[in-house]
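Chemist: Once you've had a glance at the structure underneath, I'll fire off some questions.
Bear in mind that the values in this text are calculations on the coordinates, not laboratory data. This structure is a prediction, so every number in the text was calculated from the model and none was measured. Backbone-built Cβ (ideal geometry, glycine too); neighbour counts: all protein chains shown.
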Amino acid sequence: KLNFNFALTQSLSRPSYYDLVPYEYSNSDDKELALGNPDLKASLSTNIDFMAEYYFKGLGLFSVGFFNKSIDDWIYKFATNNYTYAGDDGYEMSQLRNGEKATVSGVELTFQTKFWNNFTFMGNYTSTSSSTDRVEGRDNVPLVGQVDNMYNISLAYESEKFFVRGSFNYAGASLDELSDKSFEDRYYDEQSFLDINANYRFNDKLSIF
């Protein structure tokens with residue numbers, strides 16, 4: 001009924017070949033510039049994961065997990081609106097770069113159960129925090145793509161011929177692009193999704209969805 005899992009791993013994430021090409025793509029009309037970066041390094045992550053699971057009688061599960069990642073040479077997209085190119089200033093420049101070190105840690109909770117014979121409930125929640133060191137002269141900015149809060153809730157009903165499920169998914173805002181000034185950083189807004197689907201089976205050959 002009770003399981004404990006512990007893992008200590010290292011993982012490597014290499015930049016794509018295209019991002020390593022020392023290209024220059026410019027648009028003089030809009031003053032936009034994209035640069036490749038042949039100096040990009042691969043990111044090395046040292047990961048610690050711990051999870052405890054408890055199984056109830058029948059269909060039931062509760063789990064709690066903790067994770068921590070220490071990432072060297074993490075990769076992020078940098079942008080600035082005041083870049084000088086070919087003697088002309090005011091260009092909007094973007095380029096992938098390496099940060100020095102980043103840490104990510106979080107907690108995961110999951111609960112799943114079947115009740116009243118025909119109903120199934122599933123829910124999970126993840127809370128994550130992160131920090132980075134020395135990014136373009138800025139201290140302690142969050143890791144690009146890291147979401148503080150995320151959860152999923154699902155409720156389903158199933159009988160011999162009829163099935164219906166409703167699912168709700170939420171993800172908080174996350175940093176997408178760093179600049180040399182914090183007010184020029186770009187974020188993805190929080191997102192919520194609601195999905196409902198149902199299926200009725202008339203017989204072995206005919207069903208409606």
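Chemist: What FRET efficiency, computed as 1/(1 + (r/R0)^6) with R0 = 45 Å and r the Cβ-Cβ distance, is obtained for residue 68 and residue 202, rounded to the nearest 0.05? Could the numbers behind the result be given before it?
Modeler: Numbers: r = 52 Å, r/R0 = 1.15.
FRET efficiency, residue 68 to residue 202: 0.30.
Chemist: Contour minus end-to-end for residue 47 and residue 154, with contour as 0.36 nm per residue of separation and end-to-end as the Cα-Cα distance?
Modeler: Length gained between residue 47 and residue 154: 35.6 nm.
Chemist: Subtracting the Cα-Cα distance from 0.36 nm times the residue separation, let me have the gained length for residue 188 to residue 129 in nm, one decimal.
Modeler: Details: separation 59, 0.36 × 59 = 21.24 nm, distance 1.63 nm.
Going from the current span to full extension adds 19.6 nm.
Chemist: Roughly how many whole Å is it from the C-alpha centroid of the stretch 32-84 to that of the stretch 120-189?
Modeler: Taking the Cα centre of each part, the stretch 32-84 and the stretch 120-189 sit 12 Å apart.
Chemist: Any idea what Rg and Dmax come out to for the chain if you just take the C-alpha atoms, in Å?
Modeler: 23.4, 74
Chemist: What do you get for chymotrypsin sites (Phe, Trp or Tyr not before Pro) in the stretch 33-92 restricted to DSSP loop and a cutoff of at most 10 other Cβ within 10 Å of the site's Cβ?
Modeler: Taking the stretch 33-92 and a limit of 10 other Cβ atoms within 10 Å, no loop chymotrypsin sites (Phe, Trp or Tyr not before Pro) are found.
Chemist: While we're looking at this one, here's another question. Determine the relative contact order of the chain: mean sequence separation of Cα pairs under 8 Å and six or more apart, normalised by residue count, in whole percent.
Modeler: It comes to 14 percent, rounded to a whole number.
Chemist: Tally Lys/Arg at +1 and Asp/Glu at -1 over every other residue whose Cβ is under 10 Å from the Cβ of residue 56; what's the total?
Modeler: +3
Chemist: Then there is this: With the cut-off at 24 Å, tell me which of the pairs 41/101; 77/181; 161/205; 31/77; 69/114 have Cα atoms farther apart than that.
Modeler: Those over the limit are 69/114.
Chemist: Here's something else I'd like to know. Mind checking which of 73, 148, 189 has the largest fluctuation in a GNM of the chain, springs on alpha carbons under 10 Å?
Modeler: 189
Chemist: Run the helix sum for the chain: -39,500 (n - 2.57) per DSSP H stretch of 4+ residues, divided by residue count, reported at 222 nm to the nearest 500 deg cm²/dmol.
Modeler: Computed mean residue ellipticity for the chain: -500 deg cm²/dmol.
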